[in-house]
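A short write-up of the structure that comes next.
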Amino acid sequence: MRDFKPHINKTVESIPPSGIRRFFDIASEMEDVISLGVGEPDFVTPWPIRESCVYGLEKGYTSYTANRGMMELREEIAKAYRTRYGISYEPKTDCLVTVGVSEALDLAMRAILESGDEVLIPEPCYVSYQACAKLAGGVPVGVAARPENDFRITPEDLEPHVTSKTRALLIGYPNNPTGAIMGRSDLMKIAEFAEKHDLVVLSDEIYGDLTYGDEPHVCFAALPGMKDRTILLNGFSKAYAMTGWRVGYVLGNQDIIAAMTKIHQYTMLCAPVTAQIAAIEALKNCEDYKRKMVAEYDSRRRFIYDSFKKIGLQCFEPKGAFYIFPDITSTGYTSEQFCEELIRTEHVATVPGNAFGACGEGHIRCSYATGIDQIAEAMRRIEDFVKNHSKK
Amino acid sequence: MRELLELLEQDARRPVGELASILGKSEYEVKNDISKLEKDKIILSYNTLINWQKFGDDTVTAVIEVNLTPEREHGFDAIAERIERFDEVRTVYLMSGSFDLLVIIEGKSLNDVANFVAMKLATIDEVTGTRTHFMLKPYKKDGVILDDKEKDRRQVIMP
């Protein structure tokens, strides 16, 4: 069998490889590169979390857990939502612990979509949303959020894309890559829209703990009437700096959780027990560690936002996650050209906005999940680049 | 002001421009705030945390538990004020528990420290007893792990 291509599933074949691979290759050959291209915290997981995992191993926690995840973890998750958002989920039936939000997203798509069903996906968005919908047999329908609206999505943006096949809406706020958040009134309009078209709403709230300023994060499921319509996805990666542990969860109506659990038990069985033990510790005892990290991101956020303004690149103030999404069109470059020239001449890695959807063109994503000294140096280099290399 | 203090406590060398960006103030305002905090003795000094052991210095650090008879009217304060004035004394705390003052001193040699305790500290009238512990190896100081082996292990670019 010389050529395996004919044996590869057509849907898988049709999914393009990630657009950022090229930049990764350039960056990994350089020694003094400053990376603003990393979508994960620069903090190591807080020590109590790591320590509790080590202790668990010493005590012999090495077996499978319940398919849905350890009961103690599900109870802690339910408690956290009750306390923070006043929304109550039954740990026994409404919660499933997954291998990161990535798995949760895949399960959700597979559990709800029939072949050809359409999923509305506001863009720019995380790179796996479209692929997950496609792999589940669905049709992702990208809907451009507008920069003049600070990349918040509105029913007016969504409405023209609704067809008789539209089944679901997938939102991710605070947003990767833009740093945009949706306030209560913004989300209320989306809730009305979902109600009107009877859509399932998948709400990826992995950055929900990372919001800044006066507007606290609004949980979509906590809006009136939305709990049973919402598949709420969250995890520990961003707020507790636990990306490599791969542990996330889904909260929702017991029927959808049961359906997702069915797929999960046959494909994944359960999330790693070590990661679940660590996650329990995170929820029980690490609020202060989280708060400190959030405060640190906030300092960097204000610094990087101010720096971009001083450089003269147009940019809205990000209020969540740890990304900023400046407009680079004034330099005369496309997003990809800008990122490629920037890394080649100044050794600063960023990610082109169009990697997150066509409407991200003209922007670059900069992560401020990196030390402030590094950010300051990166901003000096970007300023030099914009001054000396702009085409216009 | 609290945020400015926290930022300076983390890193006293932050450029004023950086502080201004983070705090959303002008550099002039930040400079003024810092001057005021210095004048009010809320900011006392800007120090550098140095791993002298690593540099090759063999200074001796001792932690001394000191028992006292408090003075009428002045309690422990007057005695603490006598002790704190010696250059060798780095830190003085009044403690609850089985002793009264915790004194941390630094000397060039064991002998130096022994002399200080015998000649200066133990001879104070109100001092009724001392227990001296020598520091062998520092692991963490003022919130900083001295030999931190953790590093950034992330991939250069991740979505």
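Key figures for this structure:
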{"item": "Test result for A:Asn67, over 28 Å from B:Asp152 (Cα atoms), over 25 Å from the mean Cα position of the chain (by Cα) and either basic (Lys, Arg) or more than 14 Å from every other protein chain (Cβ to nearest Cβ) (or both)", "result": "no"}
{"item": "Selection count, segment A:1-28, where residues are in a loop (DSSP other than H, G, I, E, B) and facing another protein chain (nearest Cβ under 10 Å)", "result": "3"}
{"item": "Residue match in segment A:94-102 (condition: over 29 Å from A:Tyr297 (Cβ atoms) and either of a type outside the set (Ser, Thr, Tyr) or in contact with a Pro (Cβ under 7 Å, 6 or more places away or on another chain) (or both))", "result": "yes"}
{"item": "Filter result (under 19 Å from A:Ile87 (Cα atoms), among the acidic types (Asp, Glu) and assigned to a loop (DSSP other than H, G, I, E, B)) within segment A:189-212", "result": "A:Glu205, A:Asp209"}
{"item": "Candidate set from segment A:356-392 (those that are surrounded by fewer than 24 Cβ atoms within 10 Å (Cβ to Cβ) and small (Gly, Ala, Ser)); member that is farthest from the chain's Cα centre (by Cα)", "result": "A:Ser390"}
{"item": "Selection within segment A:305-337 - free of Cβ contacts under 8 Å to residues at least 60 places away in the same chain, farther than 14 Å from A:Cys366 by Cα and outside any helix (DSSP H, G or I)", "result": "A:Tyr333, A:Thr334"}
{"item": "Contacts under 6 angstrom Cβ, first residue in segment B:1-23 being open to solvent by 20 Å² or more (accessible area, probe 1.4 Å), partner assigned to a loop (DSSP other than H, G, I, E, B), 6 or more apart", "result": "B:Ala12/B:Tyr46"}
{"item": "From A:Arg291, A:Arg344, residue being under 26 Å from A:Pro16 (Cβ atoms) and in a helix (DSSP H, G or I)", "result": "A:Arg344"}
{"item": "Any hit, segment B:145-152, residues being within 14 Å of another protein chain (Cβ to nearest Cβ), out of contact with any Lys or Arg (no Cβ under 8 Å at 6 or more places or on another chain) and at pLDDT 90 or above", "result": "yes"}
{"item": "Out of B:Lys140, B:Lys108, sole residue that is within 14 Å of chain A (Cβ to nearest Cβ) and open to solvent by 50 Å² or more (accessible area, probe 1.4 Å)", "result": "B:Lys140"}
{"item": "Any hit, segment A:349-362, residues being more than 12 Å from every other protein chain (Cβ to nearest Cβ), of a type in the set (Phe, Trp, Tyr), assigned to a helix (DSSP H, G or I) and touching a residue at least 24 places away in the same chain (Cβ under 8 Å)", "result": "no"}
{"item": "Failed criterion for A:Arg22 (all others in (1) modelled with pLDDT under 95; (2) open to solvent by less than 40 Å² (accessible area, probe 1.4 Å); (3) not β-branched (Val, Ile, Thr) hold)", "result": "(2)"}
{"item": "Any pair with Cβ under 6 angstrom, 6 or more apart, that starts in segment A:233-256 at a residue that is closer than 12 Å to A:Ile77 by Cβ and part of a loop (DSSP other than H, G, I, E, B) and ends at one that is open to solvent by 10 Å² or more (accessible area, probe 1.4 Å) and not β-branched (Val, Ile, Thr)", "result": "none"}
{"item": "Members of segment B:59-90 that are among the β-branched types (Val, Ile, Thr), open to solvent by less than 50 Å² (accessible area, probe 1.4 Å) and either within 14 Å of B:Val117 (Cα to Cα) or not in a helix (DSSP H, G or I) (or both)", "result": "B:Val60, B:Thr61, B:Val63, B:Ile64, B:Val66, B:Ile83, B:Val89"}
{"item": "Those residues of segment B:38-47 which are open to solvent by 70 Å² or more (accessible area, probe 1.4 Å) and in contact (Cβ under 8 Å) with a residue 24 or more places away in the chain, in sequence order", "result": "B:Ile42, B:Tyr46, B:Asn47"}
{"item": "Test: residue in segment A:298-312 that is open to solvent by 50 Å² or more (accessible area, probe 1.4 Å), of a type in the set (S, T, N, Q) and over 26 Å from A:Ala144 (Cα atoms)", "result": "no"}
{"item": "B:Arg72 farther than 30 Å from A:Gly353 by Cα and either within 14 Å of another protein chain (Cβ to nearest Cβ) or more than 23 Å from the chain's Cα centre (by Cα) (or both)", "result": "yes"}
{"item": "A:Leu158, sole failed condition from (1) away from chain B (no Cβ under 14 Å); (2) surrounded by fewer than 20 Cβ atoms within 10 Å (Cβ to Cβ); (3) within 22 Å of the chain's Cα centre (by Cα)", "result": "(2)"}
{"item": "Inter-residue pairs, beta-carbon under 9 Å, first at positive phi and in segment A:84-106, second hydrophobic (A, V, I, L, M, F, W, C) and open to solvent by less than 10 Å² (accessible area, probe 1.4 Å), 6+ apart", "result": "A:Gly100/A:Phe236; A:Gly100/A:Val247; A:Gly100/A:Ala271"}
{"item": "Output for segment A:243-295, where each listed residue is closer than 21 Å to A:Thr211 by Cβ and open to solvent by 30 Å² or more (accessible area, probe 1.4 Å)", "result": "A:Thr243, A:Leu283, A:Glu287, A:Asp288, A:Tyr289, A:Arg291, A:Lys292, A:Ala295"}
{"item": "Unmet criterion (only one of (1) assigned to a helix (DSSP H, G or I); (2) within 30 Å of A:Gly353 (Cβ to Cβ); (3) free of Cβ contacts under 8 Å to residues at least 24 places away in the same chain; (4) not basic (Lys, Arg)) for A:Val54", "result": "(2)"}
{"item": "A:Glu215, sole failed condition from (1) buried (at least 22 other Cβ atoms within 10 Å of the Cβ); (2) assigned to a loop (DSSP other than H, G, I, E, B)", "result": "(1)"}
{"item": "Test: residue in segment B:114-126 that is over 30 Å from B:Leu5 (Cα atoms), surrounded by fewer than 13 Cβ atoms within 10 Å (Cβ to Cβ) and among the hydrophobic types (A, V, I, L, M, F, W, C)", "result": "yes"}
{"item": "Matching option when the condition is closer than 30 Å to A:Tyr289 by Cβ and modelled with pLDDT under 95, among A:Asp209, A:Asp214", "result": "A:Asp214"}
{"item": "Selection count where residues are open to solvent by less than 20 Å² (accessible area, probe 1.4 Å) and under 24 Å from A:Arg381 (Cα atoms), scope segment A:36-66", "result": "5"}
{"item": "Residues of segment A:294-313 satisfying the condition of being away from chain B (no Cβ under 13 Å) and more than 17 Å from A:Arg381 (Cα to Cα)", "result": "A:Val294"}
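The values are calculated or read from the model by the stated rules, or taken from the named source; none is laboratory data. Since the model is a prediction, treat every value here as computed from it, not as a measurement. Note: ideal-geometry Cβ built from the backbone for every residue, glycine included; neighbour counts use all protein chains shown. Calculation scope for accessible area: heavy atoms of the full protein, side chains included, ligands and nucleic acids excluded. Shrake-Rupley method; radii C 1.70, N 1.55, O 1.52, S 1.80 Å.
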